[in-house]
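Shown next, in structure tokens, is the structure this report addresses.
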Amino acid sequence: MPDPSDIAAEARKLPKADRLLAAAERSGLSGRLGHAPVIEAVRSTLDALREEILAGRRCPLPEEIEAMLLDRLALEARGSLRRVVNATGVVLHTNLGRAPLSAAAAAAMVQAAAGYSNLEFDLETGERGDRYGHAAQALCRLTGAEAALVVNNCASAVLLALAALGERLPARRAAGADAAAAPASPEVVVSRGQLVEIGGGFRIPEVLSRSGAVLREVGTTNRTYLADFEGALSGRTRILLSVHRSNFRLAGFVADVSLAELVELGRRAGVWVVDDLGSGALVPTARYGLPEEPTVPDRVRGGADLVAFSGDKLLGGPQAGVLAGTREAVDLCRRHPLVRALRVDKVTLAGLSATLGHYERGEAEREIPVWRSIAAPPAELALRARSWLEALGPAAAGALVREARSAVGGGTLPEATLPTFVLSLPCADADGLAARLRRADPPVVGRIEDGRVLLDPRTVLPGEDALLVRAVAGALAATG
């Protein structure tokens with residue numbers, strides 16, 4: 001046990017809070033952060049040092065404590081949400097914000113945020129306008145849908161679809177007592193093999209049950225037939241739901257019901273068909289050497305009343321959820337009270353509209369970072385990785401460029417990878433080197449394989465190469 005007198009002596013060496021506050025003032029950090037955050041940082045720094053002294057450690061010199069505080073304040077001044085260099089090779093990295101935006105989308109969002117806009121104002125008539133019309137026309141042209149609606153993400157799009165369509169049968173249903181209002185607990189029929197869990201531990205059944213509908217699960221995990229859906233139909237059925245398995249794959253002894261079969265059954269039974277597509281590809285993926293992913297235009301042509309998809313996955317725009325389909329179904333969703341709780345702001349609409357413009361001009365592969373990354377040829381990636389190695393010089397002794405695989409990620413194309421070349425960094429402690437890279441400014445995030453840190457140029461954006469090289473040089477120097 002430490003001697004109490006020694007502890008007291010060390011505790012008396014702690015500088016006064018006023019001295020640390022004065023150091024923060026001289027550095028200019030007080031002005032950048034405000035008085036209250038600086039006071040909190042000073043108190044927590046001194047409290048942490050007292051705990052260390054009670055454990056028997058020596059008190060650092062006052063100058064060292066000041067430097068410790070200033071480093072902490074400088075980190076806080078950068079903000080908690082920071083730009084990072086994604087060198088993982090995962091194109092749609094959910095934890096790193098998924099799709100980076102095109103220059104045009106980012107500029108449109110800045111313009112919308114910096115001033116007033118005609119978000120809900122008709123410039124021709126001077127009357128109230130339509131918030132959702134700004135992106136709807138482009139979505140209809142690109143998908144072939146009669147109408148479209150944008151909300152804040154794909155999960156909320158499906159939630160809204162089930163809530164709105166669960167209240168009323170489609171007009172194609174023969175008139176009758178059961179054709180107007182829905183029963184107290186309308187039913188949604190879905191295959192057990194499609195009840196997936198998405199990121200953050202959210203499970204599709206739990207998300208969708210909040211719509212007020214009852215999920216009627218049919219079939220088994222690996223095999224579901226049309227007869228299972230037919231057998232579940234009742235006077236309470238309102239929706240047949242298809243959920244695309246965007247984040248896992250079933251193989252082997254499996255059977256699925258196609259969207260075409262569900263649509264035909266929905267027409268016969270007079271109920272809605274909703275397709276939760278998820279990733280929202282507008283262009284074919286097979287041309288890039290990836291497995292074929294169903295596209296939104298394909299699913300709309302398939303006849304679903306509503307197709308739900310994300311704006312920030314393979315579409316390559318800001319976080320949003322889109323419902324595209326028949327005018328009748330979309331109008332019911334637009335009029336539902338839940339739509340106000342799920343609506344998007346002017347900044348998201350501006351970014352989404354600009355992203356859609358790239359598709360309409362046929363420049364998605366060139367201008368949208370997601371597709372530019374996916375389309376990048378391995379030879380080009382090898383040149384970039386070698387340029388990093390050359391720039392590092394002797395500091396990267398033992399490093400090498402080798403072949404590897406990149407992933408699309410973001411809950412899309414499970415197990416699909418793309419050929420790439422990576423810079424492989426040697427180190428006795430891969431976790432330690434990766435941590436030092438994450439502490440760089442800006443942070444660099446790589447991946448660890450076989451005890452080495454790998455940096456993949458596929459996901460390092462244009463203009464970030466010099467930042468990555470500087471961070472790697474600093475991290476390797478600290479290792480030595």
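The values are calculated or read from the model by the stated rules, or taken from the named source; none is laboratory data. All values derive from a computational prediction rather than experimental measurement. Note: ideal-geometry Cβ built from the backbone for every residue, glycine included; neighbour counts use all protein chains shown. When the accessible area is computed, the model is the full protein with side chains, heavy atoms only, and any ligands, DNA or RNA have been set aside. Shrake-Rupley method; radii C 1.70, N 1.55, O 1.52, S 1.80 Å.
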| note | Reported set for segment 400-409 where residues are touching a Lys or Arg at 6+ places or on another chain (Cβ under 7 Å) and open to solvent by less than 10 Å² (accessible area, probe 1.4 Å) is Ser406
| message | Considering only residues that are assigned to a loop (DSSP other than H, G, I, E, B), open to solvent by 20 Å² or more (accessible area, probe 1.4 Å) and at pLDDT below 75, which ones fall in segment 181-199? | response | Ala182, Pro183, Ala184, Leu195, Ile198
| If you go through segment 283-335, how many residues are among the polar types (S, T, N, Q) and open to solvent by 30 Å² or more (accessible area, probe 1.4 Å)? | 2
| What are the residue pairs meeting all of these: first residue in segment 223-234, first residue acidic (Asp, Glu), second residue in a loop (DSSP other than H, G, I, E, B) and at pLDDT below 90, Cβ atoms under 9 Å, and 6 or more apart or on different chains? | Asp228/Gly219; Asp228/Thr220; Asp228/Val257
| request: Would you confirm whether any residue within segment 164-180 is within 24 Å of the chain's Cα centre (by Cα) and either closer than 25 Å to Arg301 by Cβ or at pLDDT 95 or above (or both)? | output: no
| remark: Of the residues in segment 112-127, those that are surrounded by fewer than 14 Cβ atoms within 10 Å (Cβ to Cβ) and in a helix (DSSP H, G or I) number 2
| remark: Among helices (runs of 4 or more DSSP H) entirely within segment 1-81, at least 2 residues that are open to solvent by 30 Å² or more (accessible area, probe 1.4 Å) and among the hydrophobic types (A, V, I, L, M, F, W, C) occur in 4-12, 17-27, 35-54, 62-77
| What do you reckon, is Ala397 in contact (Cβ under 8 Å) with a residue 60 or more places away in the chain, open to solvent by 60 Å² or more (accessible area, probe 1.4 Å) and over 28 Å from Val370 (Cβ atoms)? | no
| query | Going through segment 336-367 one residue at a time, which ones are open to solvent by less than 20 Å² (accessible area, probe 1.4 Å), in a helix (DSSP H, G or I) and farther than 16 Å from Ala138 by Cα? | reply | Val339
| Complete set of residues in segment 418-445 that are of a type in the set (Gly, Ala, Ser), over 23 Å from Arg83 (Cβ atoms) and crowded, with 16+ Cβ neighbours inside 10 Å | Ser424, Ala430
| query | Among the listed residues Glu360, Glu380, Glu367, Glu403, which satisfies the condition of being closer than 24 Å to Asp450 by Cβ and modelled with pLDDT of 95 or more? | reply | Glu403
| query | Within segment 142-155, how many residues turn out to be assigned to a helix (DSSP H, G or I) and either touching an Asp or Glu at 6+ places or on another chain (Cβ under 8 Å) or surrounded by fewer than 21 Cβ atoms within 10 Å (Cβ to Cβ) (or both)? | reply | 2
| Tell me, which residue of segment 128-141 that is touching a strand residue (DSSP E or B) at 6+ places or on another chain (Cβ under 8 Å) and in a loop (DSSP other than H, G, I, E, B) is surrounded by the most Cβ atoms within 10 Å (Cβ to Cβ)? | Tyr132
| said: Quick check on segment 241-261. Is at least one of its residues modelled with pLDDT of 90 or more, closer than 24 Å to Ala135 by Cα and under 26 Å from the mean Cα position of the chain (by Cα)? | reply: no
| message | Could you check segment 82-95 and list, in sequence order, the residues that are open to solvent by less than 60 Å² (accessible area, probe 1.4 Å) and either out of contact with any strand residue (DSSP E or B) (no Cβ under 8 Å at 6 or more places or on another chain) or among the hydrophobic types (A, V, I, L, M, F, W, C) (or both)? | response | Val84, Val85, Ala87, Val90, Val91, Leu92
| query | If the Cβ limit is 8 Å and pairs must be 6+ apart or interchain, which residue in segment 66-90 that is without any contact (Cβ under 8 Å) to a residue 24 or more places away in the chain pairs with which residue that is surrounded by 14 or more Cβ atoms within 10 Å (Cβ to Cβ) and of a type outside the set (A, V, I, L, M, F, W, C)? | reply | Met68/Thr45; Met68/Pro60
| query | Residues Val307, Val283, Val300, Val322: which one is more than 15 Å from Ser353 (Cα to Cα), in a strand (DSSP E or B) and modelled with pLDDT of 90 or more? | reply | Val307
